[in-house]
Amino acid sequence: MAEFLKDKRILLIVSGGIAAYKSLELVRLLTKSSATVRAILTSAGSEFVTPLSLGSLTGDRVYTDLFDLTDEAEMGHIELSRDADLLVVAPATADLMAKMANGLCNDLASTALLATDKPVLIAPAMNVRMWEHTATRRNLAQLSGDGIHIIGPNEGDMACGEFGFGRMAEPAEILTAIEALLGPGGGPLKGRKALVTSGPTREAIDPVRYLANRSSGKQGHAIAAALARLGADVTLVSGPVAIPDPFGAKTIHVESAKEMLAACQELSPVDIAVCVAAVADWGIADLAGQKIKKGKSSTTPMLKLVENPDILATLSNKSGNRPALVIGFAAETENVIEHAREKLARKKCDWIIANDVSLPDGGKRSGVMGSDHNRVHIVSGDGVDSWPEMTKAEVAAGLAARIAEQFNTQDSEQ
Ligand code: CTP
């Protein structure tokens with residue numbers, strides 16, 4: 001793992017929610033990235049994880065009390081927050097967010113948060129109804145206006161048995177956000193403009209129905225974050241997804257293939273274009289202005305499709321200001337390399353990242369859309385480079401490093 005966080009000091013505040021157990025994994029990832037972690041555990045937080053488990057992972061004592069004389073003698077609450085490069089609240093409960101939004105400070109966590117002059121990142125986690133409550137929305141808007149960085153929450157099944165937004169962002173996602181906030185400023189891609197497309201597109205049938213696909217956006221979003229970490233000025237053009245905007249990149253939200261193409265063209269010129277989106281190949285020929293009703297005619301309605309513009313091919317074939325490096329993805333279910341080669345030639349891009357999206361066999365974790373893993377082959381004019389199965393975050397980091405290498409080589413040849 002890259003030591004992006006070497007010599008960085010994180011003050012992690014763990015408040016009371018079932019997601020607190022995931023903060024232990026976050027500490028493990030942070031220390032693996034060479035960060036120094038100090039932890040404050042709120043009294044509600046200690047109902048979910050113990051000071052002993054948290055302290056074993058940080059390798060330090062865990063701070064719990066505002067009026068602990070030993071704490072104040074060794075390191076006061078002001079010092080505790082000032083000593084850090086970044087404060088991370090994970091999980092951030094609705095209660096702690098409400099305190100932060102209003103400047104309340106009646107325990108060590110809220111006092112450290114009010115006393116700090118350092119950046120603060122919060123990873124909210126709560127029941128979906130609490131997340132959607134007007135009071136939480138108001139607090140969130142206040143915190144965002146105050147310059148607090150927010151990651152997540154994600155959509156999914158909740159511990160309370162409900163489904164919706166409220167699950168804390170995954171530890172790896174929080175780590176990526178921390179790296180983006182604290183990572184090396186410059187980076188090998190500094191000064192390069194990058195465009196990444198991600199997620200599915202939605203093609204409207206009528207005002208309430210649409211055609212779409214299963215793309216989760218995980219790989220595209222991870223690539224946008226990885227390029228930003230290497231210093232690129234990244235804009236992500238994303239179709240509708242259930243994951244948060246990546247850290248460090250500007251995100252433009254679109255629905256249809258046509259909107260995605262228009263957003264990409266508006267960003268021109270760029271140095272790097274990475275088309276990861278699963279763009280719908282077809283749109284609806286005659287978009288119904290009103291909801292199509294059942295029983296209006298004796299036959300089942302027929303949908304007439306028209307081919308959508310190919311964004312990857314359009315960017316690759318740009319005359320004049322074509323990006324120096326255009327990369328496409330190929331999701332295939334058979335003859336992966338052969339189809340990728342054909343796509344490389346047909347769309348005239350520089351690399352195709354091919355992956356097998358057939359159903360997993362033999363316990364493979366990669367393969368299905370929406371999985372956290374991927375097994376890719378980089379197909380270019382230079383041949384095929386096959387990578388072992390990795391997480392999508394690792395694929396993204398590897399690809400960003402390879403892109404940086406390509407520009408480095410180009411620069412040294414000039
Ligand atoms: N792509 C695009 N615009 C489209 C269709 C695809 O930009 N209208 C891009 C995708 O983002 C991806 C690459 O093209 O980078 C490959 O997409 P894919 O759907 O696999 O290729 P197709 O050309 O549609 O070929 P097929 O569906 O026959 O495999």
I'd like the per residue volume of the convex hull spanned by the Cα atoms of the stretch 193-413, given in cubic angstrom. 144 Å³
Starting from the Cα-Cα distance between residue 190 and residue 314, subtract it from 0.36 nm times their residue separation and give me the gain in nm to one decimal. 42.1 nm
Please work out how much length the chain gains when fully extended from residue 285 to residue 117, using 0.36 nm per residue of separation minus the C-alpha to C-alpha distance, in nm with one decimal. 54.9 nm
Could you pull out the pairs from 318/392; 32/392; 258/392; 8/99; 258/343 whose alpha carbons sit more than 25 Å apart here? 318/392; 258/392; 8/99
Measure nothing but the geometry: give the 0 to 90° angle between the long axis through the Cα atoms of 134-145 and the longest principal axis through the Cα atoms of the chain, rounded to 10°. 90 degrees
quick note, the chain, DSSP beta bridge pairs, % antiparallel (nearest 5) is 30 percent
Out of every Cα-Cα pair in the chain, what percent are more than 37 Å apart? 31 percent
Plugging the Cβ-Cβ distance of residue 411 and residue 265 into 1/(1 + (r/R0)^6) at R0 = 30 Å yields, to the nearest 0.05, a FRET efficiency of 0.65
How many times 2.2 N^0.38 Å is the alpha carbon radius of gyration of the stretch 9-182? 0.95
Return one number: the angle in degrees, 0 to 90 and rounded to the nearest 10, between the long axis of the Cα atoms of helix 336-347 and the longest principal axis of the Cα atoms of the chain. 70 degrees
Within straight-line cross-link reach of residue 190, lysines at Cα separation under 19 Å, skipping those fewer than 8 residues along the same chain: 250
Can you give the calculated 222 nm mean residue ellipticity of the chain, where each DSSP H run of n ≥ 4 adds -39,500 (n - 2.57) and the sum is split over every residue, rounded to the nearest 500 deg cm²/dmol? -10000 deg cm²/dmol
Mind giving me the FRET efficiency for residue 68 and residue 299? R0 is 51 Å, r the Cβ-Cβ distance, nearest 0.05 is fine. 0.10
Only four residue types carry charge here, +1 at the Cβ of Lys and Arg and -1 at the Cβ of Asp and Glu. Report the dipole size of the chain about the Cα centre in Debye, rounded to the nearest 20. 1240 debye
Approximate spin-label separation residue 138-residue 56, in nm, with each point projected 7 Å along Cα-to-Cβ: 4.3 nm
Longest principal axis of the chain (C-alpha) makes with the long axis of helix 218-229 (C-alpha) an angle, in degrees to the nearest 10, of 60 degrees
With labels modelled as points extended 7 Å from the Cα through the Cβ direction, what inter-label distance (nm, one decimal) is found for residue 346 paired with residue 385? 2.6 nm
Whichever aspartates and glutamates have a C-alpha closer than 16 Å to that of residue 304, once near sequence neighbours (fewer than 8 apart) are set aside: 203, 206, 281, 286
Fully extended, how many nm does the chain gain between residue 47 and residue 32 (0.36 nm per residue separation, minus their Cα-Cα distance)? 2.8 nm
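We did not get these values from a lab; they are worked out from the coordinates using the rules stated. Keep in mind that this is a model prediction, so the values were computed, not measured. Note that we place each Cβ from the backbone using ideal geometry, even for glycine, and neighbour counts take in every protein chain shown.
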